[in-house]
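Take a look at the structure set out below.
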Amino acid sequence: MVPRAVKAAYYFLLSPAMRLNAASHRVAPRLGNTAPVRVHLGPGQRNYLPGWVNVDANLVSSRPDIWADLRFALPFRNDSVDCFYSHHVIEHLPDLDAHFRELFRCLKPGGLMRVGGPHGDNAMIAMQQGRAAWFGDWPTKRTSMGGRFENFIFCKGEHLTILTQSFLTELATNAGFTDVRTLAPGETTNPTLFTPDALALEPESDPSLPHTLLIEARKPG
């Protein structure tokens, strides 16, 4: 895990350039492409999706198609994206209300978002049931249930919030989304947009009590 001080310095120095780059993409439309615009936010080091527009802030070990700081306005014009896919990204962002409004702004009427992150509801169930093995012992080796719960939820300060089904539904609804669905990993309401290559990024070691909370929601249109 990269030290937080190094990450903070990276964003402090390069965020202005990323925001300028994002603004340039909002000004210049994507021409000559009639295929659905499918956007993958935060692919990181290993989860690049060919055929998608992969957006990431990391220039060191990932390969973004668009270099942008996801904490700010997204690099897309209004009503220009068919779907967003975001897996274990939003828990790192400081303003989820603003982020969900950005997803809504960029989606075409009728467009879909699929967002997933650490399952706070299931973590509380696992803790109450004393299922220590459900949590593992990363990033810090802990033996207590409380320590393992803290690991899962906040990941040594890398995660900024706890994600629950009611919270994600509230965020989506407040941003204007409708038809909010909670789904199991690998399950989708639209396999045409969220194709097997994306769903393959959602392995689950405990299908009976998934570690990832996933929702899909639609922009009215």
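The values are calculated or read from the model by the stated rules, or taken from the named source; none is laboratory data. As the structure is a prediction and not an experimental result, all values here were calculated from the model. Using ideal geometry, Cβ is built from the backbone for each residue, glycine included, and neighbour counts are taken over all protein chains shown. What goes into the accessible areas is simple: the full protein's heavy atoms, side chains included, and nothing from ligands, DNA or RNA. Shrake-Rupley method; radii C 1.70, N 1.55, O 1.52, S 1.80 Å.
Observations, loosely collected:
- Packing here is the average count of other Cβ atoms within 10 Å per residue, and on that basis the peptides 116-128, 138-150, 90-102, highest first, run 116-128, 90-102, 138-150.
- Estimated distance in nm for a label pair at Ala98 and Ala23, the labels positioned 7 Å out from Cα along Cα-to-Cβ: 1.5 nm
- Coordinate range along principal axes, alpha carbons of segment 1-75, Å, largest first: 42, 27, 15
- Segment 15-92-segment 123-200 distance, computed between alpha-carbon centres (Å): 22 Å
- Dividing the mean sequence gap of close Cα pairs (under 8 Å, 6+ apart) by how many residues segment 1-66 holds gives a relative contact order of 21 percent.
- Estimated FRET transfer efficiency when R0 is 25 angstrom, pair Asp79-Tyr48 (beta carbons, to 0.05): 0.45
- R0 of 25 Å, Cβ-Cβ distance Ser205-Ser15: FRET efficiency to nearest 0.05: 0.10
- About its Cα centre, the chain has a charge dipole of approximately 500 debye under the convention of +1 per Lys or Arg Cβ and -1 per Asp or Glu Cβ, with nothing else charged.
- Across segment 42-58, the residues whose backbone nitrogen lies under 12 Å from the label position 7 Å along the beta-carbon direction of Ala35 are 49-54.
- A straight chain from Glu187 to Val2 at 0.36 nm per residue would run longer than the Cα-Cα distance by 63.4 nm.
- Cβ-placed point charges (K, R +1; D, E -1), dipole of segment 1-120 about Cα centre in debye, nearest 20: 140 debye
- Relative contact order for the chain, counting Cα pairs under 8 Å that sit 6 or more residues apart, in percent: 19 percent
- According to the calculation over all Cα-Cα pairs in segment 137-221, the P(r) per 5 Å bin from zero is 3, 13, 17, 19, 21, 14, 8, 4, 1, 0 %.
- Surrounding net charge for Pro207, when Lys and Arg each add one and Asp and Glu each subtract one, Cβ distance under 15 Å: -3
- Solvent-free Debye scattering, log10 I(q)/I(0), computed from the Cα coordinates of the chain at q = 0.08, 0.12, 0.15 Å⁻¹: -0.29, -0.65, -1.03
- Stretch gain in nm, segment Arg71-Thr178, where the contour uses 0.36 nm per residue and the Cα spacing is subtracted: 36.2 nm
- Per residue, the chain exposes an accessible area of 49 Å² to a 1.4 Å probe, with every protein chain left in place.
- Global geometry of segment 76-145, whether rounded, prolate or oblate, following the gyration tensor of its Cα atoms and the 1.5 cut on a/c: prolate
- Dipole of the chain computed with +1 at Lys/Arg Cβ and -1 at Asp/Glu Cβ about the Cα centre; of Ser144, Gly117, Ser208, farthest Cα towards the positive end is Gly117.
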